[in-house]
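Since the structure comes first, as structure tokens, the remarks are kept for the end.
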Amino acid sequence: MPLIDTRCSALLMALSMLGSGAWAQSPPSAAPATVASSPQTENQARSFTLSNGMTLIVRPDRRAPTAVQMLWVRVGSMDEVDGSSGLAHALEHMMFKGTPDVPPGEFSRRVAAFGGIDNAFTMRDATAYHMQVPSRRLEMAMQLEADRFARNQWPDDEFKREIEVIKEERRQRTEESPRARMFEALNAMIFQASPYRRPNVGWMSDLDAMTPDDARAFYQRWYVPANSALVIAGDVDVEQTRALAEKHFGSIPARAVPARKPREEPAQVGPRRLEYRAVADQALVALAYKVPQWRGADEDNDTDRDALALAVLSAVLDGYDGARLDRALVQGTAGGKRLADSASSGYGLMGRGPQLFMLSGVPAAGETTDAVAAALKAEVARIAREGIQEAELRRVKTQWTAGEIYKLDSVANQARELGGYWIQGLGLDTGDRLIARLRAVTAEQVQSVAQRYFSDEQLTTGVLVPDPSRRETAPAQGAGPRPALTRH
């Protein structure tokens, strides 16, 4: 689900993340790389546009002789069409399978040989390929990454083997988990027009029908310089890095980014409910509300203020050990009765598609999902009625600020944050602006969003119902050894 775990220090990086809107744009004609003209400090991130339209973002950090390279492509599962779910993720796997000069299986071996580690991930909004290498080996990393970005190719047999690995990934991470299957079904009910309704890994029937040429066509369509950003963080010189990027990536021919058609989610006009019956040890209930997201506008506005207040609300409910949901439902301190084994809150602050505020809980022995759902709603209603304490507000703001400071000790987190903001079309100063605006959220604003966004009109409820009888109809695994999962 597109949620931020408000208990982790990476609150500000919802990495389902990530605005909306049509990102299509034509690449600029071949011209010298351009750079944003603002006063620079030694460790400040800088952004350039290479001659083919690719974005380069460099953030120096001299504390250790290491560098992180991330290549971000603004294409994810939301850019697929019906019948091709899982294609963005499948292509991510195939990007490791070779070029005319790098045989299948050789890419990661070469990275390891010069002291680096590499991997990749696919989200709804984007695909990213990352390496951490000794900084003196950065050019070697660029050569490899530019080669596969521009010249990815592999035989059909490689795809046929890898698609079986992807199917096994879906089995292990989704089909063998009743909770994962319930959330997948819930997601498909929450969204109607938005492509967020499809699972990132893809429906199994779509994986069964996927062909090597499907992946090749997706690669040709979306892996375009102007649809991509190279982010470098670590022990690097900005101008040297810029020259290397122009040498290895800027020479890739420019192409137009395909137009993206809007797929706006229609307004929900009443409650929806799903009961998912499966062999499960415990029940679970999830309440998903459609709410605004943060667009990061330069000028403050009501929608962005509401989004930040919702982030604070989620943290007040579940942002630290002993927060409101834990005290009321798990510890039972509010009414003296323990209702749940666990209770949580999450909110998707940013994304190219619509975002959700979700409350969930696992009933304690002898309790029902209806009782837990009512208690979750009651905690939001209590804030709507009584507001929050200034001490709670200070606590979550202090945690966020500290979390951001500690998070950016990692050059990998720096690269991931900068790339994530780029995916949304946001500037290099977004992290600072976001923290500043979060600090400005008031207790009255938190109470106001609790009053306005939690009606049943925007609610979709998902209930996992343990049903032992489903054991007879559970899909049997085929005979023979199962494929091993790869790292990415």
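The values are calculated or read from the model by the stated rules, or taken from the named source; none is laboratory data. Everything numeric here is computed off the predicted structure, so don't read it as measured data. Neighbour counts run over all protein chains shown; Cβ positions are idealised from the backbone, glycine included. Surface areas here come from the heavy atoms of the whole protein model, side chains and all, with no ligands, DNA or RNA. Shrake-Rupley method; radii C 1.70, N 1.55, O 1.52, S 1.80 Å.
Only residues that are in a strand (DSSP E or B) and of a type in the set (A, V, I, L, M) were counted in region 223-237, giving 5. In region 241-265, the residues that are more than 30 Å from residue 290 (Cβ to Cβ) form Cβ pairs under 7 Å with partners that are of a type in the set (Val, Ile, Thr) and modelled with pLDDT of 95 or more, at six or more places apart or across chains, as follows: 241/58; 241/232; 242/58; 255/224. Selection within region 180-222: residues that are touching a helix residue (DSSP H, G or I) at 6+ places or on another chain (Cβ under 7 Å) and not in a helix (DSSP H, G or I). The member of this set that is most open to solvent (accessible area, probe 1.4 Å) is 200.
Residue-by-condition table, conditions (1) among the hydrophobic types (A, V, I, L, M, F, W, C); (2) outside any loop (DSSP other than H, G, I, E, B); (3) open to solvent by less than 20 Å² (accessible area, probe 1.4 Å):
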| position | (1), (2), (3) |
| --- | --- |
| 338 | no, no, no |
| 373 | yes, yes, yes |
| 391 | yes, yes, no |
| 397 | no, yes, no |
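Checked against (1) at pLDDT 95 or above; (2) buried (at least 21 other Cβ atoms within 10 Å of the Cβ), residue 404 passes all but condition (1).
For region 255-292, the set of residues classified as small (Gly, Ala, Ser) and either open to solvent by 50 Å² or more (accessible area, probe 1.4 Å) or within 30 Å of residue 449 (Cβ to Cβ) (or both) consists of 256, 259, 267, 270, 283, 286, 288, listed by residue number.
Could you tell me whether region 96-105 includes any residue that is within 25 Å of the chain's Cα centre (by Cα), open to solvent by less than 10 Å² (accessible area, probe 1.4 Å) and more than 24 Å from residue 243 (Cα to Cα)? Checking region 96-105: not a single residue is within 25 Å of the chain's Cα centre (by Cα), open to solvent by less than 10 Å² (accessible area, probe 1.4 Å) and more than 24 Å from residue 243 (Cα to Cα). Looking only at residues in region 223-250 that are in contact with a Leu (Cβ under 9 Å, 6 or more places away or on another chain) and among the small types (Gly, Ala, Ser), the one that is surrounded by the most Cβ atoms within 10 Å (Cβ to Cβ) is 233.
Within region 115-149, the residues that satisfy the criterion of being open to solvent by 30 Å² or more (accessible area, probe 1.4 Å), under 19 Å from residue 58 (Cα atoms) and touching a strand residue (DSSP E or B) at 6+ places or on another chain (Cβ under 6 Å) are 130, 132.
Return the residues of region 150-168 that are within 26 Å of residue 227 (Cα to Cα) and open to solvent by less than 60 Å² (accessible area, probe 1.4 Å); say none if nothing qualifies. 150, 152, 154, 159, 162, 163, 166 - these are the residues of region 150-168 that are within 26 Å of residue 227 (Cα to Cα) and open to solvent by less than 60 Å² (accessible area, probe 1.4 Å). Tallying residues that are among the small types (Gly, Ala, Ser) and part of a helix (DSSP H, G or I) within region 315-336 yields 2.
If residue 426 satisfies all but one of (1) aliphatic (A, V, I, L, M); (2) buried (at least 21 other Cβ atoms within 10 Å of the Cβ); (3) in a helix (DSSP H, G or I), what's the number of the condition it fails? The number of the failed condition is (3).
Does residue 470 fit the bill of being more than 30 Å from residue 94 (Cβ to Cβ), at pLDDT below 90 and in contact with a strand residue (DSSP E or B) (Cβ under 8 Å, 6 or more places away or on another chain)? Answer is yes for this residue. Taking region 53-78 as the range and being of a type in the set (Val, Ile, Thr) and open to solvent by less than 10 Å² (accessible area, probe 1.4 Å) as the test, the residues that pass are 57, 58, 68, 73, 75.
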